[in-house]
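Below is one structure; the comments refer to it alone.
The values are calculated or read from the model by the stated rules, or taken from the named source; none is laboratory data. Small disclaimer: the values here were computed from a predicted structure and weren't measured. Reconstructed Cβ throughout: ideal geometry from the backbone, glycine too, with neighbour counts over all protein chains shown. Just so you know, the surface numbers come from the protein's heavy atoms only, side chains and all, with ligands and any DNA or RNA stripped out. Shrake-Rupley method; radii C 1.70, N 1.55, O 1.52, S 1.80 Å.
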Amino acid sequence: MVNPLVLHPDRLFPVDPTIRNIARSLYANVIDLPIVSPHGHTDPEWWATDNSFGNATELLLHPDHYVFRMLYSQGVELEDLGIGNPDADPRKSWRLFAERYHLFRGTPSRIWLDWVFAESFGIDVQLGADTADFYYETITNALATDAFRPRALFERYNIEVIATTESPLDDLRHHRAIRESGWGGRVITAYRPDPVIDPEFEGFRDNLGVLGDLTGEDCFSWQGYLAAHRKRRAFFAEMGATSTDHGHPTARTADLPTAEAEALFARVTGENVRAEDAELFRAQMLTEMAGMSVEDGLVMQLHPGVYRNHNRKLFERFGRDKGADIPLPCEYVHALRPLLDRFGNDTDFTFILFTLDETTYSRELAPLAGHYPALKLGPAWWFNDSPEGMRRFREMTTETAGFYNTVGFNDDTRAFLSIPARHDVARRMDCGFLARLVAEHRLDEYEAAELAVDLAYNLAKQAYKL
Amino acid sequence: MVNPLVLHPDRLFPVDPTIRNIARSLYANVIDLPIVSPHGHTDPEWWATDNSFGNATELLLHPDHYVFRMLYSQGVELEDLGIGNPDADPRKSWRLFAERYHLFRGTPSRIWLDWVFAESFGIDVQLGADTADFYYETITNALATDAFRPRALFERYNIEVIATTESPLDDLRHHRAIRESGWGGRVITAYRPDPVIDPEFEGFRDNLGVLGDLTGEDCFSWQGYLAAHRKRRAFFAEMGATSTDHGHPTARTADLPTAEAEALFARVTGENVRAEDAELFRAQMLTEMAGMSVEDGLVMQLHPGVYRNHNRKLFERFGRDKGADIPLPCEYVHALRPLLDRFGNDTDFTFILFTLDETTYSRELAPLAGHYPALKLGPAWWFNDSPEGMRRFREMTTETAGFYNTVGFNDDTRAFLSIPARHDVARRMDCGFLARLVAEHRLDEYEAAELAVDLAYNLAKQAYKL
Amino acid sequence: MVNPLVLHPDRLFPVDPTIRNIARSLYANVIDLPIVSPHGHTDPEWWATDNSFGNATELLLHPDHYVFRMLYSQGVELEDLGIGNPDADPRKSWRLFAERYHLFRGTPSRIWLDWVFAESFGIDVQLGADTADFYYETITNALATDAFRPRALFERYNIEVIATTESPLDDLRHHRAIRESGWGGRVITAYRPDPVIDPEFEGFRDNLGVLGDLTGEDCFSWQGYLAAHRKRRAFFAEMGATSTDHGHPTARTADLPTAEAEALFARVTGENVRAEDAELFRAQMLTEMAGMSVEDGLVMQLHPGVYRNHNRKLFERFGRDKGADIPLPCEYVHALRPLLDRFGNDTDFTFILFTLDETTYSRELAPLAGHYPALKLGPAWWFNDSPEGMRRFREMTTETAGFYNTVGFNDDTRAFLSIPARHDVARRMDCGFLARLVAEHRLDEYEAAELAVDLAYNLAKQAYKL
């Protein structure tokens, strides 16, 4: 049993005793449910090779941009944390982090990390300057044992299925290796075609060349390009994919006549692509992807509204995904109409929307999802994947969209051990929300109990066809 | 007494015992206050003819787009619910609804419907597949009795006054009939001129023709058109109207010199009206309407910010108001300035603003209403007419606008029996909010008691001059 | 001891007994901390001359636009309150206010005023029509005593340091007089250059002339103008300033090549300045100011997003700051990038952002401040300087930015006696927020105790280098 001073059994539950008691009961019924992880960014190589994770810093600091961006905001250089700097001493990097653990007070990172420290590694003192080395050694030593290899952890945390995310250019060798290994864990891919859909993606034209080589299609002709997508989608589906994922700067969609689409394709695959053409092409491709989803049954996800690599200096020095992606206001009502006009009434099509712009929850997304058969709302995402963020999501979407136009939880992470920690937070927050509705006599307790299981498990399986 | 398992006496009150006790006391003083319903969309024909409502499906499903949009979002065809399909079996439609009643968990529809089932019809089991027929029969049988005729229900629910909403083209025959019937219920109209103000309204030019016929004015000349409005406003006032209502895509207003307004009028009543001209004309007409309100004393209401008929397929098949209206971001600060420059400082003019864009509560609307003498804030509207929506409204407007720049509750519904249910929700939520302020020692209990009555009754009467 | 019916010792704390008990403990440790007031609009003449404040109306009504805008919104003419009308009888003005004190129910003004009435003046009955004269006399009589002179009140309220805000054109004579007086109170200035940076400010060109006279620089040449800023900043720093402050309509920044900046300067100092040039110049000047802050160490503050003087009639009659400033939506992500590209990674530069657009808290500001070393978040500002506003600020920023990228409290007021009242509200609300995190087992109690002191005292001192 975990020391309650480190990880209290009632953590995150509402404080009122009536509500807390109901929350405890609801949570007791979901705590042991398997983890369904339909969207994330873990590395399939972990389970293909089953090699040990290296040390505490490599496991917990380097892949977690939530952690290193906070340290950076308070003056710690990324080089000193070992980011883009293989010469850094991982123990020293760990100390820099440990000494500043107070910076994470009130953040979800603190909650996830405390869970990992206590639940995964059995540590029962708090991280700080004085315990930095103890932590580093305890974690690093554990990682050298078989119990902490990727497959063992997958089983220990009762993961029923996990989806990774790959580019169409990926050969999915790791997924193939997992399947051929005879190991029983279900690790599937998802089709994330941004590198061959976004004309502003680094190396877009080269990527189309590779896509052509992989598929035998002429990816510089519109029809060949579309055919190549169909082939890669089919290959991804064969490797377990049940979904596609699209990370666009906006939610804009378009539905151009074929000749216009073809002309646009010619422009964005040529020289000097105009920003407006790039945006229109991404918009058109969302509708094309929706059409292919209607054909092949892959669930479609849209993650829009981020200004990527906002910090120019850091991007030039370290590349993508270094904690400098900043959300933007995002408009859905006009933006989605062309796609919804075509496919929004299709009851066999599932289109899951995410947002970082919480103002759209009650104003746009819940009304849209509470009307269109194809639309569902993804959970609170990224910066909002947090206790308060989850609470706001339920409070602002449920009254208009209900629970059944949502799709359960996504952990959406690169940090493997945070997966069970994040699912635990989501289950606790949902149970707390449901418990309040029960205590306010807005829901019967048996309904809340059903909903707790639906939100923790069933809705994700159903929505993602898992 | 209603079974507390179905309709708990403490429902919607905060759970904390201290707050709940205060909320109970406050609510006990407002529960029996008459209903003042200053804005809604009920059908005056009900009280003119006093004919029985037909069956459960006609009464509770067909007029309630909150209900059928949710069913539609989960794959139920509107035809099967009897929408636009007189051949549908109402009992089968009811079953489709009953089997899916779990979809409404956590929504205000569930709260309103449970109230109607328990309070109006005395049903004490929950709606579901197994009770569908029992419900259908109980309700339908009751509707055949005199106690469930429109006038009887009006009296049973202690409605002091209800306003319906009519187009200037309406002859108000039903309102006349009510007055001439000798029945004592106060049913008044409100002037909703969108069909003759919005150049993009279906049949706008034809509507102007009808308006000319009704008033003897030349409605294709600017001065004649304005004179026709004055005449119809006077006629509506004679038929009890104390307010006008305007449903515009934006809150934009304009105050053009007469010659420009006249030229604009010529353009929007001609061929090939440009979108920008239509928008500018609506903007100009809000200021014209404000000027007429200063003259004739009618309270002015603005309900902006909705993308109407977003679902093209449904609009083509079923027409307006089929659950596919989606809110948009709405800007008020620049938009309202031309009108406020003219009339905002007029202490005799009342201009009530609504929004579906909750981001404007604390940022724009409360600061505006907390300054301009003419401005008042309407209550949480439509998708936000819900427990959480009401709570957010009070939390985000009160500190800047106070309570006395708000106007009490509007039910704004087509679903007759939801009126007492909705007023009950509003009263409970306001009492809960006030109770928290008392328990946090931000308000004395006697002040909260006064405010509870003001919010439930006095403010609406005063603001709407009822 | 203050009568608990007037000023309850538990006011503003959460109601749940567990949370309230923790909040009480946290608050007990911060109640006696000195006040650090790093940003506000008090008048340094008060402490330079130490003259008595006149009467209740002059002290509490005239400088407080929160108060008189609310009265104006409910039909009270500003003239009758003595605004812009020296002939008004201050006792009659006070009565107009007292009779309408119920309008302030639920507002922070009510909380601040009740604090002042009870704590500063020892009054233990509520303000209203029947107690108006008693209040007026009690307050006015007290103000005639030495205990209520500005310096005595400064000491009574344990103000460690207070910053006023002055234009570069100010000769800072009052600050000089304070220093030369031998009195120990620390009153410092802050550099607020809007009148010489904003080409749309009344008298901009004349102001540049005065700036040239004060500095001996040619303020109609770009280099001379910049040199003049450097000189005045140095002078302000000499008079204690540790910060600059910028009140712009938007957060837009620019980083033009020198020749373009010079050409722009020529245009905005010429005739017929275009709005776009004015905006671009303000944008450029923010980056110039940031560069000077990197040089001279002054902390930079940005207060954007207000439509000033929205009510044309009132502005023409009474001038600025008459309660008709209305917030606007404000965009930060694109707007700040030019400045952040230059200086955002500088760990010695401190750039404190404020907003009136709460939608940016979780979407833009917390992600930016949780990444860039130079950025910090100012507290809930102006209309959001209120219990609910503070709660939303913590709930929407903490999870992404943490506590340590925020800077404690600013009172930002012209109403002197509201300073201790406002700090008390902030301390109570922060203790209540921290107490909830403790009771939800998201924070240890010792951490909350540290944080309470940091939020009430340390962070402001550190961020503003006080």
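Brief remarks follow.
- Within segment C:208-227, the residues that satisfy the criterion of being part of a helix (DSSP H, G or I) and without any contact (Cβ under 8 Å) to a residue 40 or more places away in the chain are C:G209, C:G212, C:D213, C:T215, C:Q223, C:G224, C:A227.
- Complete set of residues in segment A:172-194 that are touching a residue at least 12 places away in the same chain (Cβ under 8 Å) and open to solvent by 20 Å² or more (accessible area, probe 1.4 Å): A:R173, A:H174, A:R176, A:A177, A:R179, A:S181, A:W183, A:R186, A:R192
- Qualifying residue in segment A:34-57 (condition: within 14 Å of chain C (Cβ to nearest Cβ), open to solvent by less than 10 Å² (accessible area, probe 1.4 Å), touching a Phe, Trp or Tyr at 6+ places or on another chain (Cβ under 6 Å) and of a type in the set (A, V, I, L, M, F, W, C)): no
- Failed criterion for B:P420 (all others in (1) within 25 Å of B:P14 (Cβ to Cβ); (2) within 10 Å of another protein chain (Cβ to nearest Cβ); (3) within 18 Å of the chain's Cα centre (by Cα) hold): (2)
- Residues in segment C:127-143 include at least one that is surrounded by 19 or more Cβ atoms within 10 Å (Cβ to Cβ), on the phi < 0 side of the Ramachandran plot and within 14 Å of chain B (Cβ to nearest Cβ).
- Output for segment B:386-396, where each listed residue is surrounded by fewer than 24 Cβ atoms within 10 Å (Cβ to Cβ) and among the charged types (D, E, K, R): B:E388, B:R391, B:R392, B:E395
- Test: residue in segment A:116-126 that is more than 10 Å from chain C (Cβ to nearest Cβ) and of a type in the set (F, W, Y): yes
- Some residue of segment B:344-364 being open to solvent by 20 Å² or more (accessible area, probe 1.4 Å) and within 17 Å of B:H246 (Cα to Cα): yes
- Some residue of segment A:436-453 being open to solvent by 20 Å² or more (accessible area, probe 1.4 Å), touching a residue at least 24 places away in the same chain (Cβ under 8 Å), at the interface with another protein chain (Cβ under 9 Å from one of its Cβ atoms) and part of a helix (DSSP H, G or I): yes
- Test: C:A23 is in the same structural domain as C:I139 (by TED's automatic domain parsing) and either open to solvent by less than 20 Å² (accessible area, probe 1.4 Å) or among the acidic types (D, E) (or both): no
- The condition of being surrounded by 24 or more Cβ atoms within 10 Å (Cβ to Cβ) and under 30 Å from C:P373 (Cα atoms) does not hold for A:L328.
- Pairing residues of segment A:320-331 that are more than 7 Å from chain C (Cβ to nearest Cβ) with residues that are open to solvent by 50 Å² or more (accessible area, probe 1.4 Å), at Cβ distances under 6 Å and at least 6 apart in sequence or on separate chains, gives A:D325/A:R308.
- Within segment B:71-88, considering residues that are without any contact (Cβ under 8 Å) to a residue 40 or more places away in the chain and in contact with a Gly (Cβ under 8 Å, 6 or more places away or on another chain), the one most open to solvent (accessible area, probe 1.4 Å): B:A88
- Residues satisfying the stated conditions in segment C:252-266, i.e. in contact with a helix residue (DSSP H, G or I) (Cβ under 7 Å, 6 or more places away or on another chain) and either loosely packed, with under 13 Cβ neighbours inside 10 Å or not in a loop (DSSP other than H, G, I, E, B) (or both): C:A261, C:E262, C:L264, C:F265
- Any chance C:T359 is closer than 20 Å to A:I326 by Cβ, within 11 Å of chain B (Cβ to nearest Cβ) and without any contact (Cβ under 8 Å) to a residue 40 or more places away in the chain: yes
- All of B:R428, B:R414 fail the test of being over 23 Å from C:F104 (Cβ atoms) and modelled with pLDDT under 95, apart from B:R414.
- Verdict on A:F383 being of a type outside the set (D, E), assigned to a helix (DSSP H, G or I), open to solvent by 10 Å² or more (accessible area, probe 1.4 Å) and at pLDDT below 95: no
- Check on A:P14, under 22 Å from the mean Cα position of the chain (by Cα) and either open to solvent by 30 Å² or more (accessible area, probe 1.4 Å) or touching a residue at least 40 places away in the same chain (Cβ under 8 Å) (or both): no
- Qualifying residues in segment A:397-414 (those that are open to solvent by 10 Å² or more (accessible area, probe 1.4 Å) and away from every other protein chain (no Cβ under 13 Å)) - the one farthest from A:A460 (Cα to Cα): A:R414
- When the residues of segment A:385-396 are filtered to those that are among the hydrophobic types (A, V, I, L, M, F, W, C) and more than 8 Å from chain B (Cβ to nearest Cβ), the one that is nearest to B:A324 (Cα to Cα) is A:F393.
- Qualifying residue in segment C:4-12 (condition: in contact with a helix residue (DSSP H, G or I) (Cβ under 7 Å, 6 or more places away or on another chain) and modelled with pLDDT under 95): yes
- Pairing each residue of segment C:137-157 that is closer than 23 Å to C:V187 by Cβ with any residue that is aromatic (F, W, Y), provided the two are 6+ apart or on different chains, yields C-beta distances under 6 Å for C:A142/C:F121; C:A142/C:F148; C:L143/C:F53; C:P150/C:W46; C:P150/C:W47; C:R151/C:W47; C:R151/C:W183.
- Test: residue in segment A:308-315 that is open to solvent by 10 Å² or more (accessible area, probe 1.4 Å), away from chain B (no Cβ under 11 Å) and touching a helix residue (DSSP H, G or I) at 6+ places or on another chain (Cβ under 6 Å): yes
- Residues in segment C:60-70 that are touching a residue at least 40 places away in the same chain (Cβ under 8 Å), open to solvent by 20 Å² or more (accessible area, probe 1.4 Å) and away from every other protein chain (no Cβ under 13 Å): C:P63 only.
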